[in-house]
1. Solvent-accessible area per residue for the protein assembly as shown at a 1.4 Å probe radius, Å²?
2. Quick one: which residues, 5 or more positions from B:Ser393 or on another chain, have an amide H under 5 Å from its amide H? H modelled 1.01 Å from N in the peptide plane, none for Pro or chain starts.
3. Pop out the Kirkwood hydrodynamic radius of region B:143-215 from its pairwise C-alpha distances, inverse of mean 1/r, in Å to one decimal.
4. With just the Cα atoms of region B:372-503, tell me how far they stretch along each of the three principal axes, in Å, largest first.
5. Whenever you get a sec, line up B:His210, B:His330, B:His514 from highest to lowest accessible area (probe 1.4 Å, protein heavy atoms).
6. Averaged over peptide B:553-564, how many Cβ atoms belonging to another chain are found within 10 Å of each residue's Cβ?
7. Between region B:54-116 and region B:368-446, what's the alpha-carbon centroid distance in Å?
8. On a full-extension model of 0.36 nm per residue, what is the gain between B:Lys298 and B:Lys648, subtracting their alpha-carbon distance, rounded to one decimal in nm?
Amino acid sequence: MLDLLKGLIYPFFATAMAFGFYSQYRVGGITSEFEEVTKVPKTVRQNPGIYRSHYNWYSTYTGGK
Amino acid sequence: MSELSCPNCGAPVPFINKASVYAVCPNCRTLSLKKDVQLEKIGESGELADDNTVIRIGTEGTFRKKNFKVLGRIQLKFDLGYWNEWYVSEEDGSTAWLGEAQGIYFYTRLDTSLPADQFPRVPEPTSEYPKIYEAGHGKKDRLSPGDTFTLGRDWTLKEISVAECVGGEGELPLNFETGYRAVLLDIADGEDNFGTIDYSDEPPLLFVGHAATFQELQLRNLKENAVAFGAGLVQARSIQCVGCGASLNQLRPDFSKSIACEYCGTVMDTEQQDLKVIAKFEEVSKEGIYLPLGTQVKLPGRPESQVLGILKKSSEEDGETFRWTDYLLHYPGGYAWLNENGNNWTYFEPLLGVPKWASGLKRIYGKEKYDWYAKSESNTDLALGEFYWKVKSGEKAEIEDYVSPPNMLSSERTEREIFWSKGTFVPFQTMKGALPLEVASKLQKPEDIGACEPNPYKIRLKRNFRIAVVLTAIFFFVEMYGCIKAKEEVVYQGNFAYVQTSPSGTDIGTFNFHDNSFVTDIFEIKGEATDNVEIKIDSPNLDNKYMYFSVALINADTDIAYDTAIETSYYHGVDDGESWSEGSKSGSKDMAEIPPGHYYLRLETQSDFRPGAGAKYNVQVLRDVMSPAPFFLFGILLWLPLIYTFFKSYYFDSRRT
């Protein structure tokens, strides 16, 4: 029974990889990192500072080795 | 059919086949030669021995769609017992020989096509251990069992026998002389062909044909109340050990030729009523013997059998002694061996043919290829019970194994013969289930890996390899299709210059950060709602600095923003005389399923430039982009577990005993 289960690990893994590939291929998957925000004020065009992207933080890079 | 009179007693002597020129009178055993319509006495046949054969003159059969009828026979005696050469006539008048020895049959025909000088030479045919040499001009090579030589085609020498003619009966195409000793060579070619070279005549006689099982011959009109070789119909008999006086039970007197006392190790010849000691094993120890004599073995898919004999064997390698036990199993009509080595069990069946050589030190039997595994010299340390040959103490043989789990081929080569057998690994649980409870309970679970134990990792590796190949191919073709189909249309492009207005390295949104956000012109994104968008930022003059862009792609029609961030950072230098660089002057982000519409970008930047300094950068928005990332990412991931399985498989094989 244990051997049978062990034998099924790779087919499950391969299936997961196939889903991962499809997801990546179709909708960007893990490399498509963005967030959808609704009801953005129309005035952003006149005053860009009133809206701030959710990706607005970046820890200061110390640079180099 | 014609009938002539015996020149000795006048009894009628029938002749059925025209090729028959010799006959033995059924009444007085006179051997006569046919001359026109008369018989001339040329000798006398010895009394034929009762060898438990089921065949008789008049027996009919069918082999390979040819019907035949037995007309006569010559009986020979050799090491293992009796050997009958039955002379048969086929429906079309052609003749053949049906060899019968130890329950094995050979259907052969006389082949007179080859000149005498092509036959292997036997310079001393009267020797008890005759030497065989290859034929040919100046060739002096000695042939041993297992060696290959050419005689019309390539043959392998299987066995060298010295047989003594016991007598004959019926009509025959050949003369024979009772008591005459002849060298016989059994040969096989790995293509299901079998042959015998009989050196009783000059030039030698070559018989070529095939091995056959009792069932394949479809014999009819057999001897009444006869007992086939080892059929197990003869009652067991009690005998008293000549060595210690112990009472022994010979289970299959019709099959076995010798019995080794399980108490004192004395081996006796059981062919005669008066038991003769032929060998003695000094040390009798039953340690490590799991199946006692007489144990019933019921392996799935195999005939129900009984342990008749036990051989404890050993071999030396690099100063280390390896020990194993062979159990002789008998079942009605045949025998097999059960090998126990390190608590691993293998079931061996005798092979009639010789496996063919294949390139790379492999052997082929049937359609299966076997890899060379090991070679050793075995020594028989102890024999217990009964055997179909006359067991001797200290018998040595050269053993060579080839494996193709769960099967293996094993050859046992002595001076006189090479014996091939095919083994099949018996899993521990199957072995336990095949034995009576009291015997099964004493079996020990193996710790090592059996020589032909199937490698579960190799099986998995093969299967997983196939899965990985198929999926990689699918990924590749899907990716290729996606790349060909992708439009990669640039829907927006803008060049900008960034100047630092905050203290160096200030994070967006923190107290000291000065807002530098701006929006681009509106641009149109076309296509399907399922198409993606890629935003690329390239800052070619970036040097030992980073720029972090907070990006929002905003739909001017629906007021939906798609927020993301892109980083460009490039650092380089020299450390300890070694130059280094890291990061990239460009960056990008994919956004899946962006509906068509009118969009603009809102960009906000932070960096580690000093205030007043900065860099130029350009921004591109592309529609319907295909990246090779999915293929490389998942294609590679798919193969990683196979590396692990490969090493596990390698480790498993390295632990075989």
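The values are calculated or read from the model by the stated rules, or taken from the named source; none is laboratory data. As the structure is a prediction and not an experimental result, all values here were calculated from the model. Cβ: placed from backbone, ideal geometry, glycine included. Neighbour counts: every protein chain shown. Areas reflect the complete protein model, heavy atoms only, side chains present, ligands, DNA and RNA absent. Shrake-Rupley method; radii C 1.70, N 1.55, O 1.52, S 1.80 Å.
1. Details: 35540 Å² over 722 residues.
With the other protein chains kept in place, the protein assembly as shown gives 49 Å² per residue.
2. Amide H to amide H, under 5 Å and 5 or more residues apart or across chains, B:Ser393 pairs with B:Lys280.
3. Working: mean 1/r = 0.0739 Å⁻¹.
Hydrodynamic radius (Kirkwood, Cα pairs) of region B:143-215 is 13.5 Å.
4. The Cα atoms of region B:372-503 stretch 101, 38, 34 Å along the principal axes, largest first.
5. Result of the area sort, largest leading: B:His514, B:His210, B:His330.
6. The shielding value for this peptide is 6.
7. First find each Cα centre; the distance between them is then 31 Å.
8. Numbers: separation 350, 0.36 × 350 = 126.00 nm, distance 3.36 nm.
Extending this stretch completely gives an extra 122.6 nm.
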